[in-house]
Amino acid sequence: MPSHVPQSRTQTQTVAVLGTGKIGEALLSGMIRAGWSPAGLLCTARRPERAEALRARYGVETVSNIDAAKAADTLILAVKPQDMAVLLDELAPHLPADRLVISAAAGVPTAFFEERLPAGTPVVRVMPNTPVLVDEGMSVISAGSHASEEHLLRAEAIFKPVGKTLRVPESQQDAATALSGSGPAYFYYLVEAMTDAGILLGLPRDKAHDLIVQAAIGAAVMLRDSGEHPVKLREAVTSPAGTTISAIRELEKHGVRHALLAALEAARDRSRELASGNG
């Protein structure tokens, strides 16, 4: 790993990804595909072999956390939440207060960063979900107390290549985490249950899986592209005295709607606990 960053880097807009795991690498790849020059991108990695793989794959420079803090105009912190305090302690003495810090760590409020970084440091909090790995993510963006419109636009430019972005007040981040951050897991759970049901009904597992996955993809595209309310789309499938209404009746009888409401409330409450440090 290089021990320094060329001085010329500080003369251009440079973005550094600190913690280039799956999400960090997805952002790096997305920026390059969207037209960012690898010469303006830095990244950090704990293991030398990982750093070498990133250099070979993307043509970016891998540096230390301290060098990234000194050189980059924007730092994306994509480490695990439990590692964030140590990282901030390492960065703080070397980070100019005009640098933009973007957090991609679940449940960590902007105040956590503002307390540990130089006074006035702009912080933007982003909650991406795992479909950023296939460019279909949703990244929920909130401004810290020193972040401006320009900082939010810069964050959106980084996350838009890997999906959609949505701005919310930070007070709504826990709800967004419950819906969007954890959301893909609920769909995987539903697909798993429906696949098991297909097997119970006599289908081979692979065929049941293919049927359910394509139904999920098709339904999601219709929801996204039709502009119709989900109730209207559901009613279009639900004929009088037919198969669908019989299934819906059973879902209602077993309280599936209530269970979903309770599940998302539990996820929101747990996000609040994690944000307050009650891990």
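The values are calculated or read from the model by the stated rules, or taken from the named source; none is laboratory data. These numbers come from a predicted model, not from an experiment. In this analysis, Cβ positions are derived from the backbone assuming ideal geometry, glycine residues included, and neighbour counts consider all displayed protein chains. Please note that ligands, DNA and RNA were not included when accessible areas were found on the heavy atoms of the full protein model with its side chains. Shrake-Rupley method; radii C 1.70, N 1.55, O 1.52, S 1.80 Å.
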Considering only segment 153-236, give the helices (runs of 4 or more DSSP H) lying wholly within it that have at least 2 residues that are open to solvent by 50 Å² or more (accessible area, probe 1.4 Å) and modelled with pLDDT of 95 or more. 183-200, 205-226
Matching helices (runs of 4 or more DSSP H) fully within segment 49-121 where at least 1 residues are among the polar types (S, T, N, Q) and over 19 Å from Glu156 (Cα atoms): 65-71
Apart from one, (1) open to solvent by less than 60 Å² (accessible area, probe 1.4 Å); (2) of a type in the set (S, T, N, Q); (3) without any contact (Cβ under 8 Å) to a residue 40 or more places away in the chain all hold for Thr243; the odd one out is (1)
If we ask which residues in segment 246-279 are open to solvent by less than 80 Å² (accessible area, probe 1.4 Å), farther than 20 Å from Phe187 by Cα and either polar (S, T, N, Q) or more than 27 Å from the chain's Cα centre (by Cα) (or both), their number turns out to be 2
Determine whether segment 144-164 contains at least one residue that is more than 22 Å from Arg99 (Cβ to Cβ) and in contact with an Asp or Glu (Cβ under 7 Å, 6 or more places away or on another chain). yes
Within segment 29-41, is even one residue surrounded by fewer than 14 Cβ atoms within 10 Å (Cβ to Cβ), polar (S, T, N, Q) and either without any contact (Cβ under 8 Å) to a residue 12 or more places away in the chain or part of a strand (DSSP E or B) (or both)? yes
Residues that are within 13 Å of Glu170 (Cα to Cα) and surrounded by 15 or more Cβ atoms within 10 Å (Cβ to Cβ), drawn from segment 84-111: Ser103, Ala106, Gly107, Val108, Pro109, Thr110
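Would you pick out the residues in segment 10-28 that are of a type in the set (Ser, Thr, Tyr), open to solvent by 20 Å² or more (accessible area, probe 1.4 Å) and either closer than 18 Å to Glu90 by Cβ or touching a Lys or Arg at 6+ places or on another chain (Cβ under 8 Å) (or both)? Break it down into steps so the answer makes sense when it comes.
Just the residues of segment 10-28 that are of a type in the set (Ser, Thr, Tyr), to begin with: 10, 12, 14, 20.
Checking which are open to solvent by 20 Å² or more (accessible area, probe 1.4 Å) leaves us with 10, 12.
Within segment 10-28, just Thr10 meets the criteria.
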